[in-house]
Amino acid sequence: MAAIAAIRTFLNFFLTREIAEERAEIEQDRKGSEPPLAAP
């Protein structure tokens, strides 16, 4: 049981980190792809 808990903790740590990195990358892409505001 301890081995299963260790594996789950290991996977959770890396998956959480991966999701955070992907969210940051998506947010960066969204900010970079916004059309510029039209000048009057």
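Laboratory data are not the source of any read-out in this text; all were calculated from the coordinates shown. This is a predicted model, so every value here is computed, not measured.
Observations on the model:
- Rounded to the nearest Hz, the phi-derived 3J(HN,Hα) couplings of segment 5-14 under the Karplus curve 6.51 cos²θ - 1.76 cosθ + 1.60 (θ = phi - 60°) are 4, 5, 5, 5, 5, 4, 5, 4, 4, 6, where x marks glycine and proline.
- Under the Karplus curve 6.51 cos²θ - 1.76 cosθ + 1.60, θ = phi - 60°, whole-Hz ³J(HN,Hα) for segment 16-24, x wherever Gly or Pro sits: 4, 5, 5, 5, 4, 5, 5, 4, 5
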